[in-house]
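Below: the structure, in structure tokens.
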Amino acid sequence: MDKKTCFTIQEIETFLFMEARLLDERRYSDWLKLFSLTAWYWVPISKEQENPYDHVSIIYDDRKLLETRLRRLNNKNIHAENPPTQTSRIIGNVTLENIDETSCIVDVSSQFQIVEFRGNRQRIFAGKIMHHLSFNRNKFFIDGKRIDLVNAEGMMEGITILF
Amino acid sequence: MNIDQLVEAGRVHRRVYLDPDIFDLELKKLFSVAWIYVGHESQVPNPGDYYCTEIACQPVIMTRNVDNSIHVLFNRCGHRGAKVVSDESGNSDIFTCCYHGWSYSNDGKLIAVPQPRGYEKNSVKIGDPAFGMAVVPRFESYRGFVFASLSPTGPSLNKFLGSITKSFDDLIDRAPGGDIVVQGGVARHLYRGNWKLIFENLCDGLHPNCVHKSSIEAAENQDDSVFSDGAGEIGVRQMRQNGVPWSFWEESVGLWAFPYGHSYLGDYHDDEKLIIERKNPFFKAYYSALKKAKGKNKAEKILSIARWNTNVFPTISFMSQFRQLRVIRPLSVDKTEVLGFCFRLKGAPEAMFHDTIRFANITNAVASPVLTDDLETYDRIRRGLEAQGNDWISTGRGMGKDTEEERGVLRAENGLSELHIRNMFNVWLSYLSK
């Protein structure tokens, strides 16, 4: 590549893998630092869902609600996480979409599989993630993250992990 | 087994939550007899529309016929018994079975049989109800809320609901346009525990400060200057509300219990935004629409009602002022499905519906920071009840301090009473011992 670009796909993959690791290691405060101050985090109830405003979601958090959600995960009185959930996740099939070199923003599509274990029960989650990333001050920030679970429309037991 | 011995004043035997034989008895004597919520008419607005659900673990379908009438049918082919309609909802003029192609109209009549030769001895005739999709014995609607009973005899829906209809009225009357519509998708979750637990929990004023401690503390420590598009604003407020002290529940919250097992918790929120949304940017537009439709006095009266959860035993729990409804479906003695629906008030600003959705995400979403602690609690009850040593579960809080407000309607001492649980089990016993 002749021109100096804001980011390479390797840098973005490294970022996604690091993010996945923070979640598996339950380092929620560090994970929150990856998000910009007006970021949103969204797990729709259907892959056809167009917006989080006129339809219920599995999760739709603005920055404020995301902070509260993470603070609860670190609260010692959280019954649903006692004992804590263990996860192991694989991120793959990373592709870049809608690259805007001028503003240094990019949409990144990836697939994921997570094995979750808690209280002698194991579950598998899988689906597609769309990261809306911006690059500034030499760092990536998540401006928005949409996670489409393959079983989003299914009947599930309580979910306390983040995707 | 003598069922009468399982319910006593102030306590129930743990088997009512654990025994698969009792669950079978419940399906037969309670869920196949009582009025069971099927759906709201707005889920099938046009001819050909259908919505599939279950009554007593049996597949049923609510349909809108070409003549605009609503029908509730068993979702089963009159030929070999396959479930005819597999999508949860949709529109079709004709229901065709996947197995041998028998087809039915929206009211369940058999209208076509491919390769009809050979059935002569079987007397299969087009239009014969014996070979149709069977109509459930009774179905009725209260202002758009459709209920069905698998029993051909029994009290009317009006008698069954009694004055708990005021909660339905509260929900509908809030609409400036005079009607409500189910919209915004379905929030689903499953818990490992008996179906009765959620009815107990939804009018239990004592539990939030224990069960929801993690989300209460997280919300209390939230910096309010952080960016919110509305989601966090409603969500954090709701979590904080769960933390009101027990003294508030004793002094300011009421609990009422009704014939046929219904109940509601009232006067819960003193938060203006959540009760009547007077501080919301859209409130002015909503209020003026309501005032225009109903007149000022009526509008004020409508907005002054503050009911929290209304339980309609044994299938739904709804929040009239927050426009939410949960359908509780028992799957087995220790597995229960819950479906959450939202209502749009006709004639209300769009922003108000967005708040309804935000509220649903906090109260009914499977990953809600509030709900997940309830689900964990049901799971622990299921496991804990297996323990021997004491066969009895206490339901006696506030016992002996109830007052009769109107015929058959009891008001508890305060919002921390277990009146609704005792009332539910009295009614439960009368169904099961018949």
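Structure values in brief
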quantity: Overall form of chain B per C-alpha gyration tensor (a/c, 1.5; a/b vs b/c); calculated: oblate
quantity: On Cα atoms only, tilt of A:9-24 relative to the major axis of chain A in degrees; calculated: 20 degrees
quantity: Size of charge dipole - the stretch B:162-432 - debye, nearest 20, with Cβ of Lys, Arg +1 and Asp, Glu -1, no other charges; calculated: 980 debye
quantity: Distance (nanometres) between label positions extended 7 Å along Cα→Cβ at residue B:98 and residue B:82; calculated: 0.7 nm
quantity: Dipole magnitude (debye, nearest 20) for the stretch B:358-417, charges at Cβ of Lys, Arg, Asp, Glu; calculated: 120 debye
quantity: Point-charge dipole on Cβ atoms (K/R +1, D/E -1) for the stretch B:36-153, about Cα centre, debye to 20; calculated: 420 debye
quantity: Accessible area (Å², per residue) of the protein assembly as shown, counting only protein heavy atoms and a probe of 1.4 Å; calculated: 42 Å²
quantity: Over chain A: helical MRE at 222 nm, DSSP H runs n ≥ 4 each giving -39500 (n - 2.57), nearest 500; calculated: -6000 deg cm²/dmol
quantity: Between 0 and 90°, nearest 10: helix B:283-294 axis offset from chain B longest Cα axis; calculated: 60 degrees
quantity: Cα-projected label distance for residue B:227 with residue A:103, points at 7 Å along beta-carbon direction, nm; calculated: 1.2 nm
quantity: Range of Cα positions in the stretch B:36-153 per principal axis (Å), largest first; calculated: 46, 30, 24
quantity: Residue mean of other protein chain beta carbons inside 10 Å, B:358-366; calculated: 5
quantity: Protein accessible area in chain B, 1.4 Å probe - carbon and sulfur %; calculated: 49 percent
quantity: Computed E for residue B:91/residue A:151 - FRET, C-beta separation, R0 22 angstrom, nearest 0.05; calculated: 0.30
quantity: With 10 Å bins from 0: P(r) over the stretch B:348-434, alpha-carbon pairs, percent; calculated: 13, 23, 31, 26, 6, 1
quantity: Length-normalised contact order of the stretch B:192-342 in % [C-alpha pairs under 8 Å, at least 6 apart]; calculated: 26 percent
quantity: Integer Hz, Karplus 6.51/-1.76/1.60 couplings in order for the stretch A:121-129, x for Gly and Pro; calculated: 10, 10, 10, 10, 10, 8, x, 10, 10
quantity: Equivalent ellipsoid semi-axes - Cα gyration tensor, the protein assembly as shown, angstrom; calculated: 40, 32, 26
quantity: Loss of accessible area when A meets B, both sides summed, Å² nearest 100, probe 1.4 Å; calculated: 3800 Å²
quantity: Nearest-0.05 FRET efficiency for residue A:137 and residue A:30, computed from C-beta distance (R0 22 Å); calculated: 0.80
quantity: Computed Rg/Rh of the stretch A:24-163, alpha carbon atoms with Kirkwood Rh; calculated: 0.96
quantity: Nonlocal amide H pairs with residue B:177, under 5 Å, H built at 1.01 Å; calculated: B:346, B:347, B:348
quantity: Between the stretch B:360-399 and the stretch B:193-262, the Cα center-to-center distance that results, in Å; calculated: 14 Å
quantity: Gained length - residue B:278 relative to residue B:179, 0.36 nm times residue gap less alpha-carbon distance; calculated: 33.5 nm
quantity: Within the stretch B:313-413, GluC sites (Glu not before Pro) in DSSP loop having at most 16 other beta-carbon neighbours inside 10 Å; calculated: B:386
quantity: Cysteines in chain B that, by Cβ-Cβ distance, have no pairing candidate under 4.7 Å; calculated: B:52, B:57, B:98, B:203, B:210, B:342
quantity: Cα centroid separation, the stretch A:60-127 to the stretch B:139-170 (Å); calculated: 44 Å
quantity: C-alpha long axis of helix A:63-73 to longest principal axis of chain A, angle in °; calculated: 40 degrees
quantity: CD proxy at 222 nm, helix term only [per DSSP H run n ≥ 4: -39500 (n - 2.57); per residue of chain B; nearest 500]; calculated: -8000 deg cm²/dmol
quantity: Cα coordinate range in the stretch A:114-163, projected on the principal axes (Å, largest first); calculated: 44, 23, 14
quantity: Residues whose placed amide H lies under 5 Å from that of residue B:409, excluding near-sequence neighbours; calculated: none
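The values are calculated or read from the model by the stated rules, or taken from the named source; none is laboratory data. Please read these numbers as outputs of a predicted model, since none were measured by experiment. We place every Cβ from the backbone using ideal geometry, glycine too, and count neighbours over all the protein chains shown. The protein model used for the area step is the full one, side chains on, heavy atoms only, and it has no ligands, DNA or RNA in it. Shrake-Rupley method; radii C 1.70, N 1.55, O 1.52, S 1.80 Å.
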